[in-house]
Amino acid sequence: MSKAQFSSGLFRIRTLASAALSAACVAALAVSLPLSAGASPQPAAPAAPQAVTLSPSGARLEVVQQLPVEKVDGASLIRISLPAGAEQFQVVVDGMSVARWTSVPHMLDRGGLAKRRAERQGELDRVEADLAAVEAALKLLDTAAESLPEGSVPAQNLSERQKYLTEQVPALRLRKDALKDAQTRLQSELREMPEGESRPGRLMLVTLAQNAPEKPVTVRYAYTLKDCGWTPSYVLDAKVVKDKKDTVSVRLVANLWQNSGMDWTGAKLTLVSGAAGPREPGRLPSWIIEGEKPKPAARSAYNGAGKGDAMVLEDAEAPMMMKDSRAQAAPRQSRVDADMSGLYASWSPAVSGLEEGRSSLVIAEDTWDAPLQWLARPGLGNGRVWLMARCTVPASTVWPKAQADFLINGQKVGSGRFAPVGSEVDLFFGPDPRVDVRGTEDARTREEKGLFGNGREWKWAWTYTVINNRDRAVTVRLERPAPRAVDAEVKIKYTNSPEAKEDLREHKLVWTVEVPAGGRTDVKHGVVVISPKDIPMPKAP
């Protein structure tokens, strides 16, 4: 390659690299400039509301506008632009009577989220064009560097080429990395935004009952939208701290969405809980007097079939259900004004307005004392001890049913339904990995009783050892099912140490034991069943 050819090639490389960098600067400048409006007039957009009432099933928007009065065929007419999906339209004109209104389709350029999407798409197009130019320049520089045969260019020109590549290539590579980052960010933002530049709205032609002067009048109107709403969710965080009171921090969050096609700039927002369940009760069932149908035989809990009356112990195969009701204390934050006096609870955030799209808003937050307890329902193969807190819900507080995340010291342990019932509820935070219970079977015997040996006596005995690997003492509530007999002649006795408290309503035995830090405590549980009849051996849970 001659010196002239090399100089010409180097000039082309410089020109292309400079063009790429210039394109990058132009693109960066273009990103900062707003998109220019088209020459054609834009259709009227719906007016932002002054107040919005948001329920889980929709939104009611209230608007106050100064609108001109048009004269059409001798009638006074007012035009009101509504977004797509507007229903239950109501209108009042100050000092005037409304004769009627007519609804016609009306294409609207979407504002709010769609406008932001168009801006982000324009930014992405410019970034990708700039990226293509930078990549082409880098590719040409790499190709030119590899295509020159050794010794074909004077040393002075080689030194000049090396200096140029050393200055330009790093700058282009840094620019490429920055453009890649911008491309990823913009693509991620666009995935979160709904598509669609425009959607059909409604134009309301309101005819006044009398002639009105051709000057603006105050118009107050309201309508509802279905594509808006909110759902509550909770975060319940148990704080377990050594030598301090156990607490549970409670946060109620409103997850909002609004797809009205506009931002509710400056609107006073009110969240209402709304009604749960059907609107009206079901029909009363029919009561028909007729002969009683035979009932199916009761399921026996014996191991195998036998003669005589059946005796039923607690079903060992049925899962034990824990209370899943949860509670929360009254909010203490002033940023949201809560009103519990009406038919439905309502919350009014101190910050007005709501952008189109999805948002989250903390509407209640509090911390309350909740001494932690440990609950065990052991079997021979179940050694888990559940961490729980029992709390009292203020009677004057309304908490909507919702999903909740349960945490211990900020670490999530699970999710569940938050549905407080009554004033005292239990919160469960999953099994405690540092507290365990081990069960062993000490006895399982059968003896004949009675003069002729036709009676039976069965004995069971277990030992439950609660092991505490924490550096603090824990109080463990241990529960076992209480056996129930359907035959009045069957007698049941207990040999427990310590003594258990029997819950007759839920048919269970309860022990409350203290387990020292790093220690263990044993609970002895014995059951004796005496029957005067020769019946099969019942199955123990």
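Couple of notes before you dig in:
- Of the strands (runs of 3 or more DSSP E) lying entirely inside region 396-489, the ones with 3 or more residues being acidic (Asp, Glu) are found at 424-449.
- Filter result (under 39 Å from the mean Cα position of the chain (by Cα) and among the aliphatic types (A, V, I, L, M)) within region 483-533: Leu504, Leu509, Val510, Val513, Val515, Ala517
- Filtered by the rule that a residue be of a type outside the set (S, T, N, Q), closer than 22 Å to Phe428 by Cα and in contact with a strand residue (DSSP E or B) (Cβ under 8 Å, 6 or more places away or on another chain), region 465-498 gives Val466, Ile467, Arg470, Ala473, Val474, Val476, Arg477, Leu478, Glu479, Arg480, Pro481.
- Within region 76-99, if we keep just the residues that are surrounded by fewer than 17 Cβ atoms within 10 Å (Cβ to Cβ) and over 44 Å from the mean Cα position of the chain (by Cα), the residue that is farthest from Met204 (Cα to Cα) turns out to be Gly95.
Residue-wise test of (1) of a type in the set (Asp, Glu); (2) in contact (Cβ under 8 Å) with a residue 60 or more places away in the chain; (3) in contact with a Cys (Cβ under 9 Å, 6 or more places away or on another chain).
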position	(1), (2), (3)
Leu407	no, yes, no
Arg434	no, no, no
Glu447	yes, no, no
Ala461	no, yes, no
Glu489	yes, no, no
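- Residues in region 379-400 that are modelled with pLDDT under 85 and either of a type outside the set (Ser, Thr, Tyr) or within 25 Å of Val241 (Cα to Cα) (or both): 14 in all.
Per-residue answers, yes or no, for (1) within 17 Å of Leu375 (Cβ to Cβ); (2) in contact with a Lys or Arg (Cβ under 9 Å, 6 or more places away or on another chain); (3) among the basic types (Lys, Arg); (4) loosely packed, with under 15 Cβ neighbours inside 10 Å:
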| site | (1), (2), (3), (4) |
| --- | --- |
| Val413 | yes, no, no, no |
| Arg417 | no, yes, yes, yes |
| Asp426 | yes, yes, no, no |
| Val437 | yes, yes, no, no |
| Ile467 | yes, yes, no, no |
| Leu478 | yes, yes, no, no |
| Glu489 | no, yes, no, yes |
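- Restricting region 48-69 to residues that are of a type in the set (S, T, N, Q) and assigned to a strand (DSSP E or B), the residue that is nearest to Pro213 (Cα to Cα) is Gln66.
- Listed by first and then second residue, the pairs with beta-carbon distance under 8 Å, at least 6 apart or on different chains, first residue in region 121-133 and over 15 Å from Thr184 (Cβ atoms), second outside any helix (DSSP H, G or I), are Gly122/Leu35.
The values are calculated or read from the model by the stated rules, or taken from the named source; none is laboratory data. Note that the structure is predicted; figures quoted are calculated from it, not measured. Don't worry about glycine lacking a Cβ; one is built from the backbone with ideal geometry, like all the others, and counts go over all protein chains shown.
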